[in-house]
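First up is the structure itself, then whatever we jot down about it.
The values are calculated or read from the model by the stated rules, or taken from the named source; none is laboratory data. Just so it is clear, the structure is predicted and the values come from calculations on it, not from any experiment. No Cβ is skipped: glycine too gets one built from the backbone with ideal geometry, and neighbour counts run over all protein chains shown.
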Amino acid sequence: MRALRAIEPGGQRVRLCEVADIGELAAGEVVVTTRAVGVCGSDVHAWHGTQSYPMKYPVTLGHEAVGVVARVAPGVDTVLPGARVVSETARSVCGRCAACREGRYNLCPERLGFGALYDGAMADAFVTRADILHAVPDAVSDAVAAVTEPYCVAYNAVVERAHVRPGDVVAVIGPGPVGVFAAEIALLAGAGDVLVAGVPGDESRLELARAMGCDTSMSDGSWWQDAGRPGSSDVVIDASGVSATLEAALTLARPGGQIVKVGWGPQPYGRPLDMLVSKAVELHGSFSHTWSTWERVLRLLGKERLRPAGALRVYDFADWQAAFSDMADRTVLKAVMTL
């Protein structure tokens, strides 16, 4: 079968390969035939060799997939062959630590994710766990179902970590997929005013945010000052991929406000944190998601309360390089490949 694999460390080491078909399954495992898979920024980083997290090599990329259950291991009775499903991204967790026992298995120190430390879903089929599968509503297309995962990342940041309330002023830094989806969820949660801020090159993504009803700002300098928003935001969602934007988030946040850092930024911050103290800002990290997040997001997608279709561009799996390039160049918000 076909699989898109990072062969070894370094840039341009991703190849579309032929690999052996999936063999015997371990207890609790399921084979899913992939129908569509989203391209995450982390997949692009792996393509460029710039990821900031451990990877094993070779490894099949991809963790944003929808597919059909092909077969199940003996004893699996929670899902049947033929079911259309999406899979969470924690291929394995320890099940013993405090986080796991509290139901916060996304924070398990031994969590191993698809597409980095386990073979992922950018393949004709992939192996996952029966207990992390979710049924896809009939009304949701494959292309839309493939972006359930980034919506879950955004939902966790906006609703579960930040607790956006009706009437809140919300600022989102970084109009990538998670940032734009976070803005959409903030509006759905009742935010009275949402600003999405970006830099040159983000024009098409900011246009999508405006179409949703958000204000936007773009600058390569102090755009948070240009927007006239310093100290006015109840909630700031930092969905950028750099550490330095935390300074902007601290500037935007009102005294006693909240900041959620959801974008990965491996660079050292290297700036004073006095505003964090003087404003008594609540600073949260937000990572991944859990079962209930997926169920709520799928319910919203099924009822068309979330509408990502206009943000998607669909590619054939064979055209993966175009999909990756368009994501890297920011010419599309979200690339989805169909198999």
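Taking the criterion of being outside any strand (DSSP E or B) and either surrounded by fewer than 16 Cβ atoms within 10 Å (Cβ to Cβ) or touching a Ser or Thr at 6+ places or on another chain (Cβ under 8 Å) (or both), the residues of region 14-24 that qualify are Val19, Ala20, Asp21, Gly23, Glu24.
Yes/no per residue for (1) in contact (Cβ under 8 Å) with a residue 24 or more places away in the chain; (2) in contact with a Gly (Cβ under 9 Å, 6 or more places away or on another chain); (3) of a type in the set (A, V, I, L, M, F, W, C); (4) under 16 Å from Phe287 (Cβ atoms):
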| residue | (1), (2), (3), (4) |
| --- | --- |
| Val32 | yes, yes, yes, no |
| Gly41 | yes, yes, no, yes |
| His63 | yes, yes, no, yes |
| Gly67 | yes, no, no, no |
| Gly75 | yes, yes, no, no |
| Gly82 | no, no, no, no |
| Arg96 | no, no, no, no |
| Ala99 | no, no, yes, yes |
| Ala116 | yes, no, yes, yes |
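Residues that are surrounded by 14 or more Cβ atoms within 10 Å (Cβ to Cβ) and hydrophobic (A, V, I, L, M, F, W, C) within region 95-107 comprise Cys97, Ala99, Cys100, Leu107, listed in sequence order.
All conditions but one from (1) closer than 30 Å to Glu29 by Cβ; (2) in contact with a Phe, Trp or Tyr (Cβ under 8 Å, 6 or more places away or on another chain); (3) of a type outside the set (S, T, N, Q); (4) surrounded by fewer than 24 Cβ atoms within 10 Å (Cβ to Cβ) apply to Ala154; the one that does not is (4).
Among residues of region 30-83 being surrounded by fewer than 16 Cβ atoms within 10 Å (Cβ to Cβ) and β-branched (Val, Ile, Thr), the one that is farthest from Val242 (Cα to Cα) is Thr78.
Among the residues of region 294-308, how many are surrounded by fewer than 21 Cβ atoms within 10 Å (Cβ to Cβ) and in contact with a helix residue (DSSP H, G or I) (Cβ under 7 Å, 6 or more places away or on another chain)?
Going residue by residue through region 294-308, those that are surrounded by fewer than 21 Cβ atoms within 10 Å (Cβ to Cβ) are 295-296, 299-300, 302-305, 307.
This time we only want the ones that are in contact with a helix residue (DSSP H, G or I) (Cβ under 7 Å, 6 or more places away or on another chain), so: 296, 305.
Qualifying residue count, region 294-308: 2.
Does region 309-323 contain at least one residue that is surrounded by fewer than 16 Cβ atoms within 10 Å (Cβ to Cβ), touching a helix residue (DSSP H, G or I) at 6+ places or on another chain (Cβ under 7 Å), among the aromatic types (Phe, Trp, Tyr) and not in a helix (DSSP H, G or I)? Checking region 309-323: not a single residue is surrounded by fewer than 16 Cβ atoms within 10 Å (Cβ to Cβ), touching a helix residue (DSSP H, G or I) at 6+ places or on another chain (Cβ under 7 Å), among the aromatic types (Phe, Trp, Tyr) and not in a helix (DSSP H, G or I).
Looking at Ala130, is it crowded, with 16+ Cβ neighbours inside 10 Å, more than 26 Å from Arg305 (Cα to Cα) and out of contact with any His (no Cβ under 8 Å at 6 or more places or on another chain)? Yes, satisfied. Residue count for region 266-286 under the criterion of being within 21 Å of Ala186 (Cβ to Cβ), of a type outside the set (Gly, Ala, Ser) and not in a strand (DSSP E or B): the result is 2.
Restricting attention to region 186-208, the residues that are modelled with pLDDT of 95 or more and either among the small types (Gly, Ala, Ser) or on the phi > 0 side of the Ramachandran plot (or both) add up to 5. Cβ-Cβ distances below 8 Å connect the following pairs, each with a first residue in region 259-279 that is touching a residue at least 24 places away in the same chain (Cβ under 8 Å) and under 18 Å from Ser52 (Cα atoms), a second residue that is of a type in the set (Val, Ile, Thr) and assigned to a loop (DSSP other than H, G, I, E, B), and a separation of six or more residues or different chains: Gly263/Val242; Gly265/Val242; Gln267/Val242.
With respect to the numbered conditions (1) touching a strand residue (DSSP E or B) at 6+ places or on another chain (Cβ under 6 Å); (2) assigned to a loop (DSSP other than H, G, I, E, B), which one is the sole condition not fulfilled by Ser52? Condition (1) is where Ser52 drops out. Quick check, is Arg271 surrounded by fewer than 23 Cβ atoms within 10 Å (Cβ to Cβ), in contact with an Asp or Glu (Cβ under 6 Å, 6 or more places away or on another chain) and among the basic types (Lys, Arg)? Criteria met by Arg271.
Being of a type outside the set (A, V, I, L, M) and assigned by TED's automatic domain parsing to the domain that holds Arg101: is that true of Asp316 here? Here the answer is yes, as Asp316 does meet what is asked.
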